[in-house]
Every structure is written in structure tokens, then in C-alpha cells.
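The values are calculated or read from the model by the stated rules, or taken from the named source; none is laboratory data. Treat the numbers as computed from the prediction; the structure is a model and nothing was measured. Virtual Cβ from ideal backbone geometry, glycine too; neighbours counted across all protein chains shown.
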Amino acid sequence: MFSMFKNLIGSKTLTKEDLDTALEKMKDHLVAKNVASDIAVKLCDSVAAKLEGRVLGTFNTIAHTVKTTLNESCVQILLPKRRIDILRDAMETKQQKRPYTITFCGVNGVGKSTNLAKICFWLVENGFRVLIAACDTFRAGAVEQLRTHTRKLNALHPNVQQDGQHMVKLYEKGYGKDAAGIAMEAINYARDSHIDVVLVDTAGRMQDNEPLMRALSKLIRVNQPDLVLFVGEALVGNEAVDQLTKFNKALIDHSNSENPRTIDGIILTKFDTIDDKVGAAISMTYTTGQPIVFVGTGQTYTDLRNLNAKAVVSSLLK
Amino acid sequence: MVLADLGRKITSALKSLSNATIINEEVLNEMLKEICKALLEADVNIKLVKQLRENVRSVIDFDEMAGGLNKRRMIQSAVFKELVKLIDPGIKAWQPMKGKNNVIMFVGLQGSGKTTTCTKMAYYYQKKGWKTCLICADTFRAGAFDQLKQNATKARIPFYGSYAEMDPVVIAQEGVEKFRNENFEVIIVDTSGRHKQEDSLFEEMLQVNNAVDPDNVVFVMDATIGQACESQARAFKEKVDVASVIITKLDGHAKGGGALSAVAATKSPVIFIGTGEHTDDFEPFKVQPFISKLLGMGDIEGLIDK
Ligand SMILES: Nc1nc2c(ncn2[C@@H]2O[C@H](COP(=O)(O)OP(=O)(O)OP(=O)(O)O)[C@@H](O)[C@H]2O)c(=O)[nH]1
Ligand SMILES: Nc1nc2c(ncn2[C@@H]2O[C@H](COP(=O)(O)OP(=O)(O)OP(=O)(O)O)[C@@H](O)[C@H]2O)c(=O)[nH]1
Ligand SMILES: [Mg+2]
Ligand SMILES: [Mg+2]
């Protein structure tokens with residue numbers, strides 16, 4: 001009698017079989033949105049685990065219930081567990097009379113140098129003086145690229161020069177030299193000249209390239225930057241996972257320390273080139289649990305944003 | 001090697017057919033599931049993967065087919081045909097002509113490796129005795145001319161560019177004219193990185209294209225790219241006449257399947273692959289040997305009708 005009543009109002013206990021078709025569709029949807037495929041599987045598994053055995057509400061379809069649950073999970077993944085407040089932290093180190101140091105790392109061509117320049121612009125707008133350390137001593141034109149940015153940035157802020165000094169300075173030693181050493185000299189130079197922030201540009205490197213990964217961990221080990229930012233492009237597919245895991249692993253393996261420095265946060269670049277295929281944001285944060293500190297949305301200095309988790313999830317599930 | 005891992009997974013999925021006692025719908029679906037999973041993990045575009053699955057399914061009619069051996073062969077051959085379609089657009093790769101001016105324009109997304117690959121290609125032909133040169137028509141990216149200049153100087157390749165001129169169309173036109181007059185055989189034009197969402201950048205590409213009238217437009221794609229490749233590649237093809245693809249950064253861990261969708265989208269073959277940051281980390285890519293190698297990984301050769 002009662003069970004018949006239940007059927008009439010359409011509520012139903014969800015079984016694995018009920019969910020399977022909806023989840024299979026959802027998985028394909030996530031992959032099409034450029035979520036790494038094993039992460040799409042894991043996400044769907046977690047939705048299944050949450051929903052199995054639950055009673056389906058009166059007017060809700062299975063597809064709708066799956067979507068709502070996934071929505072919650074994805075927002076959860078994207079919301080930073082830890083807030084990184086660069087302006088506040090840089091103010092604090094300034095009071096301690098030492099420069100605040102950020103190191104940018106990542107694979108080739110993702111936008112490290114360009115987004116470093118954007119962050120430099122943002123810092124200058126907030127009244128900080130910046131030293132850019134040209135520690136990509138390998139790629140042709142890397143030093144000139146930063147010199148051009150330095151010149152342009154100073155031209156944009158001609159009135160805010162403090163005591164006749166330019167707001168942005170470049171520290172470079174040309175090509176072929178040891179990057180860790182140049183970073184150290186730059187940080188010392190910034191301390192002596194009362195420059196507030198040092199932005200360390202590094203050469204792009206493949207996560208499997210052992211000598212180059214070793215060199216990066218040395219740079220980080222000997223200089224102990226305040227912030228290590230991993231730069232990854234929103235265009236990247238399944239590689240997102242491997243890049244982040246291996247960068248972190250290299251920093252740990254070559255650290256010779258019990259408390260190794262790892263990636264503190266992510267810059268997600270080229271967000272303007274992917275339409276609604278926003279999956280890399282999920283792949284990257286799911287993998288490391290580290291926050292996306294900035295999103296790069298174009299090629300000019302003002303194309304830098306904070307991540308809007310809700311908006312990203314809504315284009316993901318659209 | 002490109003897709004090597006993928007080749008292994010596919011052949012192992014195909015072997016599952018040989019191990020099965022009866023071949024029915026269930027066995028086929030299981031095998032297709034394995035193959036599609038491997039393709040998606042290699043970043044192959046999901047639409048292409050779904051199409052592959054449908055096409056293989058449509059070939060096989062379980063009600064009409066008789067013998068087990070026949071079914072196996074038909075399925076395996078259908079899978080291979082579909083895989084070949086992913087890599088082979090069925091068009092002969094463009095080749096420069098000796099003794100003529102061959103103008104090649106490089107286009108692609110930001111940071112995909114155009115500037116690096118321009119020098120690699122010029123160096124490749126130079127070593128084979130061609131008269132090659134480079135033109136920097138990127139006036140946007142900071143340090144772009146210095147980058148090309150340093151690469152070209154190191155590889156001893158003549159180059160053209162300007163710090164003062166801001167219009168890439170003017171530079172491209174002047175450069176090509178100069179090198180045509182000097183009878184250069186391989187004239188490579190590097191352009192800025194761009195994406196379909198920004199109209200003015202695509203318009204600029206068209207103008208450079210019209211100014212230099214290239215014999216070949218090369219679309220440069222990074223091996224790490226995921227699902228966004230297909231629509232970008234298609235947009236480039238719609239604007240200029242892309243005829244070749246180069247996949248870069250295959251020295252890393254990436255399988256390059258995302259970049260492969262550029263082959264379908266532009267109907268153009270992959271002509272070279274980039275395998276490192278140095279000028280000689282560059283290999284010609286030939287579709288047929290690649291496929292036989294992929295086939296050779298299982299002992300299933302001879303399945304495709306020649
Ligand atoms: N559309 C778009 N392009 C970007 C963005 N960020 C960087 N770029 C472009 O990407 C290209 C590569 O940027 P770089 O900053 O040189 O990249 P990198 O990581 O420093 O490169 P390497 O040092 O060679 O490894 C340039 O053309 C940039 O203008 C972004 O957010 N959107
Ligand atoms: N590991 C590796 N790196 C490569 C390869 N090809 C290019 N790169 C690197 O990728 C980065 C970007 O290369 P560029 O040649 O500057 O790319 P681009 O397309 O000209 O960039 P934009 O002009 O800014 O659009 C550089 O760090 C190159 O050294 C490759 O095959 N393997
Ligand atoms: Mg750089
Ligand atoms: Mg370039």
C-alpha cells in the first residue's frame with residue numbers, strides 16, 4: 001500500500017544502475033569541456049558515491065540530480081582552501097626591510113614571462129617598486145622580452161617614480177649563466193636598493209627533463225622565495241595533471257629537506273582562447289589542491305583576473 | 001614517439017578479440033571502450049573519438065555475419081582504417097620546389113612554438129643545400145625580433161625584420177620581396193601568436209597572407225593541447241589556406257592526440273615534429289611509415305587493403 005503511494009509521487013531510491021547512464025553522459029561532457037579524462041572519471045565516481053542509496057526528490061530527474069551534485073563538488077574544488085594575499089604579504093616583508101619574492105615556473109610557452117609582466121603592472125599600480133630577475137638564461141630573446149616589458153611598464157607609470165627611481169628595474173646577466181645564482185644576486189640587489197618585490201622569471205621546461213627540473217629546484221631551494229607560482233595554460237589537456245604532479249615531485253625530490261617548498265599557487269593563462277572548454281581549471285586544482293591565484297585573459301597588462309569559481313563551473317556544466 | 005603508448009593500448013585491445021571465444025556485441029563494445037579511453041587519454045578530440053566508435057560499429061552487423069575469423073578481421077580492419085583517418089588526411093604533403101622561391105608562412109596559437117620551429121625548418125633545408133632565410137613579421141610580442149635574430153644568427157641563416165616598423169604586413173612584404181629578388185629558395189615568414197576569439201588578430205593574419213601570397217601556410221600546434229584545438233584549427237583554416245601541420249614539444253610526456261585533431265580540422269598532413277628546444281630537435285613526419293610502425297606494434301600487418 002505504502003510502496004504504491006511512493007511510486008505515485010515519483011520518489012525513488014537511486015541505485016548504481018540508475019546513475020550509470022547519466023554519469024556516463026556527464027563524463028563525456030566533462031571530457032569535451034577539457035577536463036583530464038581520469039579526473040572526469042574520479043569526479044563522476046564521487047558523485048555516484050554521494051548519490052547511491054539516496055532518495056530522489058519528487059520532481060527531480062536523475063540527470064538534474066547528478067548535475068546539481070557535480071556542481072557542488074566542482075565549486076568545492078575550485079574554491080581556495082587558503083587565500084593568498086600578495087599585496088598584504090608584500091607590505092609585511094617591506095616592513096621587515098626585505099623584498100617579497102615570487103618565482104614563476106612552468107613548461108615552455110605557457111605565458112610565464114607575459115603574466116609576470118602583468119603582475120608587475122598590478123604591483124606598480126599598488127605602489128610597489130619591482131625588480132624583474134631575468135633567470136631564463138636559455139631561450140633566445142628571453143632577456144630582451146623582459147627588457148621591453150620593463151621599458152613599457154616604466155613608460156606607463158612616469159609620474160609614480162619615487163625618489164627619481166624607476167618603478168620597475170631589470171636585473172639581468174645575459175645568457176648561459178646559472179639561474180639560481182642570478183636570482184640570488186637579484187634578491188640581494190633588491191634588498192640593498194630597497195626594492196619591494198622581486199619577480200623571478202625562469203626558463204620553460206618539460207616536466208620529464210631531469211637536469212632542468214633539478215636546476216629549478218636548486219633555484220627554489222637556495223633562494224626560498226616567498227611564493228612559488230606554477231604557470232599553466234587553459235589550453236592544456238590531460239597533461240595538466242602530469243605537469244603539476246611532476247613539478248611538485250621534482251621540488252620535493254631534489255630539496256634535500258624535510259620540509260620542501262612546493263607550488264603555492266597556480267596562474268591559469270590563455271583563458272581567453274578556450275571558449276567554454278574550462279576543464280583545465282578543474283584538472284589543475286583537483287590535482288594539487290592549490291588555488292588558482294590569477295587567471296590570464298589576454299595579452300595586455302590589464303588582462304589579469306581572479307578566478308570566479310561559480311562562473312567557471314557554470315560554463316563547465318552548461 | 002608520438003602516440004607510441006596509444007599504439008600499444010590499441011593493439012592490446014585488439015588482441016582481446018583474438019582471445020575471446022565468441023565475438024558478439026558485448027566483446028566489440030568492450031574493445032571499443034578500451035580504445036576510446038586510450039584515445040581520450042591522449043587528448044584526441046571527443047567528437048572524433050565518438051565518430052570512430054560509430055563508424056566501427058556500423059561496419060559490423062552481427063546478424064548477417066557468419067564465421068568468427070571473418071568477424072575478427074573485419075573489426076580489426078575497421079579500427080585501423082579509422083585510426084589511419086585520424087592521422088592521414090589523404091592529401092600529399094606540400095614540398096618546396098628547388099630553384100624556385102617557396103614562401104612559407106607560419107601561423108598558430110600563442111606560444112605554440114612558431115618562432116623556434118621557423119628556425120628549425122630553415123636550418124633543416126639549409127643543411128640539405130637549400131638557400132633559406134627567415135622573416136620576423138611579429139611586431140607584437142615583446143622581444144620577438146631579438147628571439148628570431150638570435151636563433152637565425154646562431155644557425156647562420158639570413159633574416160629580415162625591424163625594430164622601428166610596427167606594421168607586420170609592411171615587414172612581411174618588404175622581406176619577401178627582398179629575398180625573392182635575391183633568389184632565396186625557402187623563405188619563411190614568422191607571425192605573431194593569435195586566437196580565433198580576437199577578430200583583429202585574425203584579420204592581421206589575412207593581411208600578411210595576402211601581402212606575401214605564401215606557397216604553404218603551416219599551422220604550428222603544441223603537443224600538450226587538449227580539446228580546444230579542434231575549433232581553433234578550424235578557424236585558422238577558414239581564414240587562411242593552411243596546408244601543413246607541425247606538432248611541437250613532443251619531447252615531453254604529451255601524446256599529441258589533441259594536436260592531431262588539427263589534421264582533421266585543417267585537412268592537412270603533419271609534415272614535421274618538434275622534439276626539443278634546440279635547432280636540430282626536428283624530424284620530418286611521414287604518415288605511411290608512422291602508420292606501419294603503429295601497425296607493427298601488434299602483429300596485425302596486412303589487415304588494411306592496399
Ligand atoms: N591570449 C593570451 N595569450 C597569452 C596569455 N598569456 C600569455 N600569452 C601569450 O603567450 C605567448 C607566450 O608567452 P610567454 O610569456 O613568452 O611564455 P613563457 O611561458 O614565458 O615562454 P618560455 O619562456 O618560452 O617558456 C605570448 O605570445 C603571450 O603574449 C593570455 O592570458 N592570453
Ligand atoms: N621542449 C620543447 N620546447 C619547445 C619546442 N618547440 C618550441 N619550444 C619552446 O616553446 C616555447 C615557445 O616557443 P616560441 O617559438 O617562442 O613560440 P611562438 O609560437 O613563436 O610564441 P608566440 O610568438 O608568442 O606566439 C619556447 O620556450 C621554446 O623554446 C619543442 O619541440 N620542445
Ligand atoms: Mg618566458
Ligand atoms: Mg613567436
Q: Could you tell me whether any residue of segment B:131-140 is surrounded by fewer than 21 Cβ atoms within 10 Å (Cβ to Cβ), within 16 Å of ligand 3 (Cβ to nearest atom) and over 26 Å from residue B:284 (Cβ atoms)?
A: yes
Q. If you check B:131, B:114, B:100, which single one turns out to be charged (D, E, K, R), closer than 26 Å to residue B:259 by Cβ and either more than 14 Å from every other protein chain (Cβ to nearest Cβ) or within 9 Å of ligand 2 (Cβ to nearest atom) (or both)?
A. B:114
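Take the conditions touching a residue at least 24 places away in the same chain (Cβ under 8 Å) and more than 10 Å from chain B (Cβ to nearest Cβ) and apply them to residue A:236. Does it pass? Can you show your working first?
Details: touching a residue at least 24 places away in the same chain (Cβ under 8 Å): yes; more than 10 Å from chain B (Cβ to nearest Cβ): no.
So residue A:236 does not fit the description; no.
Which of the residues that make up segment B:250-265 are closer than 18 Å to residue B:240 by Cα, in contact with a Leu (Cβ under 9 Å, 6 or more places away or on another chain) and not β-branched (Val, Ile, Thr)?
Going through segment B:250-265, the residues closer than 18 Å to residue B:240 by Cα turn out to be B:261-265.
Applying the additional criterion that residues be in contact with a Leu (Cβ under 9 Å, 6 or more places away or on another chain) yields B:261, B:263-264.
Selection gives B:261, B:264.
This table checks each residue for (1) among the hydroxyl-bearing types (Ser, Thr, Tyr); (2) modelled with pLDDT of 85 or more; (3) crowded, with 18+ Cβ neighbours inside 10 Å; (4) out of contact with any helix residue (DSSP H, G or I) (no Cβ under 8 Å at 6 or more places or on another chain).
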{"site": "B:64", "(1), (2), (3), (4)": "no, no, no, yes"}
{"site": "B:67", "(1), (2), (3), (4)": "no, no, no, yes"}
{"site": "B:76", "(1), (2), (3), (4)": "no, no, yes, no"}
{"site": "B:103", "(1), (2), (3), (4)": "no, yes, yes, no"}
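Kindly indicate whether residue B:231 is of a type in the set (S, T, N, Q), more than 16 Å from ligand 4 (Cβ to nearest atom) and under 16 Å from the mean Cα position of the chain (by Cα).
Working: of a type in the set (S, T, N, Q): yes; more than 16 Å from ligand 4 (Cβ to nearest atom): yes; under 16 Å from the mean Cα position of the chain (by Cα): yes.
The answer is yes for residue B:231.
Suppose we filter A:106, A:111 for residues that are in contact with a Ser or Thr (Cβ under 6 Å, 6 or more places away or on another chain), under 20 Å from residue A:305 (Cα atoms) and not polar (S, T, N, Q); which single one remains?
Numbers: A:106 fails: in contact with a Ser or Thr (Cβ under 6 Å, 6 or more places away or on another chain).
So the residue among A:106, A:111 that is in contact with a Ser or Thr (Cβ under 6 Å, 6 or more places away or on another chain), under 20 Å from residue A:305 (Cα atoms) and not polar (S, T, N, Q) is A:111.
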(Q) Of everything in segment A:89-126, what is surrounded by fewer than 24 Cβ atoms within 10 Å (Cβ to Cβ), more than 14 Å from chain B (Cβ to nearest Cβ) and within 16 Å of ligand 3 (Cβ to nearest atom)? Give them in sequence order. (A) A:119
Q | Selection within segment B:150-189 - among the hydrophobic types (A, V, I, L, M, F, W, C), assigned to a loop (DSSP other than H, G, I, E, B) and in contact (Cβ under 8 Å) with a residue 12 or more places away in the chain | A | B:155, B:157, B:166, B:184
Q: Examine segment B:192-203 for a residue that is more than 14 Å from chain A (Cβ to nearest Cβ), within 16 Å of ligand 2 (Cβ to nearest atom) and closer than 17 Å to residue B:138 by Cα, and state whether such a residue exists.
A: no
Q: Go through segment B:138-149 residue by residue and tally those that are without any contact (Cβ under 8 Å) to a residue 12 or more places away in the chain and assigned to a helix (DSSP H, G or I).
A: 1
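So, in segment A:208-226, of the ones that are of a type outside the set (D, E, K, R) and more than 16 Å from residue A:103 (Cβ to Cβ), which residue ends up nearest to ligand 4 (Cβ to nearest atom)?
Filtering segment A:208-226 down to residues of a type outside the set (D, E, K, R) leaves A:209, A:211-213, A:215-217, A:219-220, A:222-225.
Right, trim to more than 16 Å from residue A:103 (Cβ to Cβ) and you get A:209, A:211.
Values: A:209: 21, A:211: 25 Å.
The extreme case among them is A:209.
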Q | Qualifying positions in segment A:133-155 - in contact (Cβ under 8 Å) with a residue 40 or more places away in the chain and away from chain B (no Cβ under 12 Å) | A | A:133, A:135, A:137
Q: Name the one entry in A:316, A:251, A:304, A:244 that is under 29 Å from residue A:187 (Cβ atoms) and either surrounded by fewer than 18 Cβ atoms within 10 Å (Cβ to Cβ) or more than 13 Å from the chain's Cα centre (by Cα) (or both).
A: A:251
Q. Which condition number in (1) closer than 25 Å to residue B:228 by Cβ; (2) within 14 Å of chain A (Cβ to nearest Cβ); (3) surrounded by fewer than 17 Cβ atoms within 10 Å (Cβ to Cβ) is the one that residue B:34 fails?
A. (1)
Q: Quick one: which residue in A:106, A:53, A:127, A:57 is among the small types (Gly, Ala, Ser) and within 16 Å of ligand 1 (Cβ to nearest atom)?
A: A:106
Q: Tell me which residues, restricted to segment B:55-111, are part of a loop (DSSP other than H, G, I, E, B), free of Cβ contacts under 8 Å to residues at least 24 places away in the same chain and closer than 18 Å to residue B:31 by Cα.
A: B:61
